[in-house]
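Comments concern the structure below.
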Amino acid sequence: MVPTPDGLSFGVMAAGADSDVEYLESLPIASLWVGGHVASPNPTPEAMVALAWLAARTERVRIGTAILLLPLYPPVIVAKQIADLDRATGGRVTLGVGVGGEYPSEFEACGIPVAERGPRTDEAIPLLRELWSGEQVSHHGQFLEFDGVRIQPPPVQGRELPVVVAGRQPVAMRRAARLGDGWMPYLYSPRRYADSVAVIRETAAADARDLTGFEWFAFVFVNIDDDADRARDEAARFLGGTYTKGDFAAMIDRVAAAGTADQVTATLQAFVDAGARHLVFTPMVRGDARPLLDRLFGDVLPRLQARDL
């Protein structure tokens, strides 16, 4: 097995039911992730069903949602589903949550006002931990009221089951600092990642919150080719963008790691230097991703070096 750099860990986004999970678990990864929507313009799984699929297929890695649109779901249902999946996997589940909103019709179809997605998420995160305690819970909040509800059996990890906050805006950073066990931004540059780390640390300090054990994830699209332009072109096809070549190249350079092995190494090292400690990769290829992942884990990742935060 390829050695993992000290202080760093890696994950991969699973591509749904066609993923070769046995191969992915043979890589030096710590996690596999799934995302999804209830109703979006593009065909995607539903995140909790996809997570159940991972629970049934994996044996050793952490599995998580990247992400679950938490405001669309009743928190008690999420608490029960996650508890059952955590027990089924022996305590390997991480819940990644975000507020979404890019598809307003999805919220309309679920009967949730888009404007309430942030407050609903802020109410739900601590409530999930209470429900995972295994004790009776009474709750009287802005959106939910109930008495004497008990989730049993509780998850193996109990109320310590990690809840990782995803997002792009400062409000999501503050949510991660105050309520989350980790931070996982999406479509970020290394510079923006560093800025988000500063905001989270400043917010936590102002709230006197100790971030010991807090996890710093970075979600990174990746493509490696000896021809840097070809790597960018394949990235464009994967993302399905309609940018001009110049505009797209600039975007890729900001928010993805695409190019030669040396260029990808430099970009990923920049994320590490910015504070990321768990890199979660989405291969930007159609079809078989194994050649790309073999090169990523064989040629690129062993060269990364963690720095003290």
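For the set ASP86, ASP253, ASP6, the ranking by accessible area, highest first and with no ligand, DNA or RNA atoms included, is ASP6, ASP253, ASP86 under a 1.4 Å probe. Here the relative contact order of the chain, from alpha carbon pairs under 8 Å that lie six or more residues apart, stands at 17 percent.
From Cα pairs below 8 angstrom and at least 6 apart in sequence, can you work out the relative contact order of segment 55-176, rounded to a whole percent? Computed over segment 55-176, the figure is 30 percent. The heavy atoms of ASP294 offer some 80 square angstrom of accessible surface to a 1.4 angstrom probe.
The angle between the Cα long axis of helix 245-255 and the main principal axis of the chain comes to about 50°, on a 0 to 90 degree scale.
For the chain, carbon and sulfur atoms together expose 50% of the accessible surface, with a 1.4 angstrom probe and every protein chain in place. On full extension, the segment bounded by GLU116 and GLN136 gains 4.5 nm, given 0.36 nm per residue less the C-alpha separation. Farthest toward the positive end of the dipole of the chain, out of ALA172, HIS140, THR4, is the Cα of HIS140, where the dipole comes from beta carbon charges about the Cα centre. Once the Cα-Cα distance is subtracted from the 0.36 nm per residue extended length, the ASP294 to THR260 segment shows a gain of 10.8 nm. Sparse packing (at most 11 other Cβ atoms within 10 Å of the Cβ) combined with a DSSP loop state is found for the following GluC sites (Glu not before Pro) in segment 21-91: GLU59. Per residue, the chain reaches -12000 deg cm²/dmol at 222 nm when only DSSP H runs of four or more residues are counted, each adding -39500 (n - 2.57). Annotation: per residue accessible area for the chain equals 45 Å², rounded to a whole number [probe 1.4 Å, protein chains only]. A full extension of the chain between ALA205 and ARG192 corresponds to an added length of 2.7 nm, given 0.36 nm per residue minus the alpha carbon distance.
Which FRET efficiency value, to the nearest 0.05, is calculated for ARG307 and ASP147 with the Förster distance at 41 angstrom and r the Cβ-Cβ distance? E between ARG307 and ASP147, to the nearest 0.05, is 0.25. Expressed to the nearest 5 percent, the antiparallel share of DSSP beta bridges inside the chain is 10 percent.
Figure note: TYR23, TYR103 ranked by solvent-accessible area, largest first, 1.4 Å probe, ligands and nucleic acids not counted: TYR103, TYR23. Ordering GLU135, GLU130, GLU145 by accessible surface, largest first, gives GLU145, GLU135, GLU130; the 1.4 Å probe counts only protein heavy atoms, with every chain in place.
Entry for segment 67-157 at q = 0.12, 0.15, 0.17, 0.23 Å⁻¹: log10 I(q)/I(0) = -0.38, -0.58, -0.73, -1.14, Debye formula applied to identical alpha-carbon scatterers, no solvent contribution.
The values are calculated or read from the model by the stated rules, or taken from the named source; none is laboratory data. Because the structure is predicted, anything quoted here is derived from the model rather than measured. Here Cβ is always computed from backbone atoms with ideal geometry, including for glycine, and neighbour counts include all displayed protein chains. Surface areas here come from the heavy atoms of the whole protein model, side chains and all, with no ligands, DNA or RNA. Shrake-Rupley method; radii C 1.70, N 1.55, O 1.52, S 1.80 Å.
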